[in-house]
Structure formats: structure tokens, C-alpha cells
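Notes follow once the structure below has been shown.
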Amino acid sequence: MTNYEAPKDLLKDKVILVTGASTGVGAAVAESAAALGATVILLARRVKWLEKVYDRILAAGGAEPAIMPMDLSVAGEHEFNHAASVVERQLKRLDGIVHCAALDDQLSPMEMDSVDNYVKRLRVNTVAPFALTKAFLPLLKNADNASIILTSESHTAAPQAYWTGNSSTRLAAEHAALGWAQEWERFDNLRVNIVVPGPINSPFRGRTHPGEDRERLPTVASVVPTYLYLLGADSKDVRGQRIQVHGA
């Protein structure tokens, strides 16, 4: 799907929520979705970074996006439900969620990790995709073609030393998403899939592999076509899939 060429009107008049939209894959997907006609809701905790994405979207001629600041590591059910009510009141619809937000803050031996750090990862990597999807589900069910995409990472399929704090919380979210796919089989207009970008030249990769020559890796932009394909009508029958873009 890295060679997928999206029609210019693929997401015309659609409203797409992108979490982790301030940088990396989230920012790239948000900007590309806006270029294809979507009104994008930019969700992350760093307002200044979101404003930069907002400005780039407007400069490229995209529809004015919405900025939704939220710290997923502390947000509770009230905040998630309030976000859904704001979108319903102001934008009237939601056609997709791209879950890119993740807390992969550090790699460490299990004995050097802390309960607080693990719980924080759990809230961002596992609870937030569940809570946001649940809060927005009524709007998604009313959409003609609603697509939910969960971004995960390679180590969920191949456990590795020092990665377990990150990969185990991401795996829990994958497990949930595949269960939702089965629950929603009766809905022709609602689907969920998982995207695993694999090794790419992203800000996160720079933190986990500081000595690596990242210029040799695929770019962040190389994974965006997969997301666009899954957001558009061409993939309406693709559901409950775990798609690895780069790497094994």
C-alpha cells in the first residue's frame, strides 16, 4: 500500500480525528488528509506543536483544522466525552479516527521501570484509544463510511528485552481493536484496522536507536499512503487487519 495513489477528493467533506498529531506519523497523516479534502481534528498535548501543523495545513490550502489539546496520560472519561460533544456540536460528524498518540518514553530493564511510568504508558497506549473510540462511537456509527486506525509497533509481535513496557501496552490495544472488529461485523459502515509502520526515520526512532544512521530508513511519508487507503472508501471491506508497512 505504500504505492497507493489517493484520489484528490478521497476525503472531501470528511471529518477525521488524528491523535498524536503534533509530530511524526500523526502530523504527516493529518496534513495529507487535509490535502485530500478532510477537516482534520488535531489532538495532542503540546499546543505550540499543534499550531505548527495547523499553520502548515492552512498554508497548503487545506480546510481549517480544529485543535484539541489533551494530555492522554491524565485525561478521564469526562474529558473524552466532552471532546465528543464538542465535535458533535461544532462539526456535526466524524468519519474516522487515526490513533497515532503513544508514550514510548524510554527503553529499560523491567527492574528499573516504575509502576507510575507503566501506568502512564497504559493510559496513553491502551486506555486512550479505547476511551476516545467509545466516546465518538455514536458519531462514527452515523457516518457513511467510518474508519478507525490504530497505530502499533513491531515488538508487539516479537517480544524483546527492554521493550516490554512499551510493547505490552501497545499489544493490549491491538487485542482490543481486533475484538472490536468482530463486534462490528454487523455494521457495513464501521471498521477498524491496525497499522504497524515498522522501522522509519521518525522522532521516536531517534530516541530508541540514537546511534543509528536513520537517513537509510524509510521516511515517515512512506507510511502515509497506507493510512489514506484505510481511511477512504477503497478499503471499505478491509477490517480487522494488522498491516505491517516496513520490516517483517
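If the reach is capped at under 19 angstrom between alpha carbons, list the aspartates and glutamates near K92, excluding any in the same chain fewer than eight residues apart.
D13, E64, E79, D144
Build a GNM of the chain with springs between Cα atoms under 10 Å: which of G96, G61, G26 gets the top mean-square fluctuation?
Highest fluctuation among the options: G61.
Would you mind getting the Kirkwood hydrodynamic radius of the stretch 80-167 from its Cα pairs, rounded to one decimal in Å? If you can, show how the numbers build up before the last one.
Details: mean 1/r = 0.0681 Å⁻¹.
Result for the stretch 80-167, one decimal place: 14.7 Å.
Before I look further, what does the chain give for accessible area per residue, probe 1.4 Å, in whole square angstrom? Each step should come with its number before you reach the end.
Details: 12090 Å² over 248 residues.
On a per-residue basis, 49 Å².
Can you pull the percent of the chain's accessible area that's carbon plus sulfur, 1.4 Å probe, other chains left in place? Write down the numbers at each step before the final one.
Working: 6200 of 12090 Å².
Ligands and nucleic acids excluded, carbon and sulfur reach 51 percent.
Using only the alpha carbons of the stretch 34-124, determine the length spanned along each of the three principal axes and report them from longest to shortest in whole angstroms.
49, 28, 21
Could you tell me what fraction of 2.2 N^0.38 Å the Cα radius of gyration of the chain comes to, as a two-decimal ratio?
Working: Rg = 17.0 Å, N = 248, 2.2 N^0.38 = 17.9 Å.
For the chain, the normalised Cα radius of gyration is 0.95.
Could you give the angle, 0 to 90 degrees to the nearest 10, between helix 77-90's Cα long axis and the longest principal axis of the Cα atoms of the chain?
Here the helix axis deviates by roughly 30 degrees.
Tally Lys and Arg at +1 and Asp and Glu at -1 over the other residues with C-beta under 15 Å from the C-beta of L94: what net charge comes out? Present the calculation step by step, with values, prior to reporting the outcome.
Details: positive: K14, R89, K92, R93, K134, K141, R191; negative: D13, E88, D95, D144.
After counting each charged neighbour, the total is +3.
Picking from A158, A128, A177, which is most flexible by a Gaussian network model of the chain using Cα springs under 10 Å?
The residue with the greatest mean-square fluctuation here is A158.
The values are calculated or read from the model by the stated rules, or taken from the named source; none is laboratory data. From a predicted model like this one, the values you see are computed outputs, not experimental measurements. So basically every Cβ, Gly included, is an ideal-geometry build from the backbone, and we count neighbours across all protein chains shown. Just so you know, the surface numbers come from the protein's heavy atoms only, side chains and all, with ligands and any DNA or RNA stripped out. Shrake-Rupley method; radii C 1.70, N 1.55, O 1.52, S 1.80 Å.
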